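These notes concern the structure reproduced below.
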Amino acid sequence: VGRSMLISSLALHNKEKLTLYRNSAVYAGFADMAADAIRELKNYAISPTDLKEAAERLKESELKNKLHDVGLLFSAYETQLHVNFVDTEDQLDIAIQKLRESDFLNGSEFYFDEFSDFTPKQLEMIGVLLKKGQVLITLTYDQGLDEKYNGVFSLTRDTDAALMATVRDAGISLA
């Protein structure tokens, strides 16, 4: 609710700078939609700058205008929010940073069960944990599925591939 209220206020304040969403900004549902979009962008480590740069690479289009407007609101949200607060998505960034700086969990064991996928930020956290101790992650799927497989286990297969890339990036060898 608080996030939507802030975004609604920011949308009204920046209404003249909006292109595609100028008229929609006054409607209650708009703030909820924008809040959901910002939450997803943050979970997938996409910044307001990323949106701005993507919009600049496009020819004039609805997508360009949408990226511009969402990027504008996202940037204003981040600026206003970080004056005194953090949101749920920022807490993971803070935890990752604190883990990197701390030796407290060195030598610990970490268990992840009943996940079918991870966001890029969650994978970053796992990468940090890999350097701190032993990590055990269980996934349910048929091993050996190729990229062409598009069935019930395709998401988990892709998660496995992302986890293996995280392990390689962390410089960890599998036991």
Quiz prompt | Answer residue from the stretch 58-71, given it is in contact with a helix residue (DSSP H, G or I) (Cβ under 6 Å, 6 or more places away or on another chain) and in contact (Cβ under 8 Å) with a residue 12 or more places away in the chain and is most open to solvent (accessible area, probe 1.4 Å) among those | solution = His68
Exercise. Could you grab the pairs with beta carbons closer than 6 Å, sequence gap of 6+ or different chains, first residue in the stretch 124-135 and within 12 Å of Ile96 (Cα to Cα) and open to solvent by less than 30 Å² (accessible area, probe 1.4 Å), second one part of a strand (DSSP E or B) and among the aliphatic types (A, V, I, L, M)?
Key: Leu129/Val135
Quiz item: Ala95 is checked against (1) surrounded by 13 or more Cβ atoms within 10 Å (Cβ to Cβ); (2) in contact with a helix residue (DSSP H, G or I) (Cβ under 6 Å, 6 or more places away or on another chain) and fails just one. What number does that condition carry?
Solution: (2)
Quiz item: Since Ala11 meets every condition but one in (1) buried (at least 19 other Cβ atoms within 10 Å of the Cβ); (2) within 30 Å of Phe118 (Cβ to Cβ), which condition does it not meet?
Solution: (2)
Practice problem: Take the residues in the stretch 27-57 that are surrounded by 13 or more Cβ atoms within 10 Å (Cβ to Cβ) and farther than 20 Å from Thr88 by Cα, then tell me which one is modelled with the lowest pLDDT. | Solution: Tyr27
Quiz prompt | Long-range neighbours under 7 Å by Cβ, at least six apart or interchain, first residue in contact (Cβ under 8 Å) with a residue 40 or more places away in the chain within the stretch 86-105, second part of a helix (DSSP H, G or I) and loosely packed, with under 11 Cβ neighbours inside 10 Å | solution = none
Quiz item: Just one of Thr140, Thr159 is in contact with a Ser or Thr (Cβ under 9 Å, 6 or more places away or on another chain) and surrounded by fewer than 16 Cβ atoms within 10 Å (Cβ to Cβ); which is it?
Solution: Thr140
Practice problem: Assess whether Tyr77 counts as being among the aromatic types (Phe, Trp, Tyr), more than 19 Å from the chain's Cα centre (by Cα), open to solvent by less than 70 Å² (accessible area, probe 1.4 Å) and over 22 Å from Gly171 (Cα atoms). | Solution: no
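The values are calculated or read from the model by the stated rules, or taken from the named source; none is laboratory data. Quantities reported herein were computed from a predicted structural model and do not represent experimental measurements. As a convention, Cβ positions derive from the backbone with ideal geometry for all residues, glycine included, and neighbour counts pool all protein chains shown. All accessible areas refer to the heavy atoms of the entire protein, side chains included, with ligands and DNA or RNA removed. Shrake-Rupley method; radii C 1.70, N 1.55, O 1.52, S 1.80 Å.
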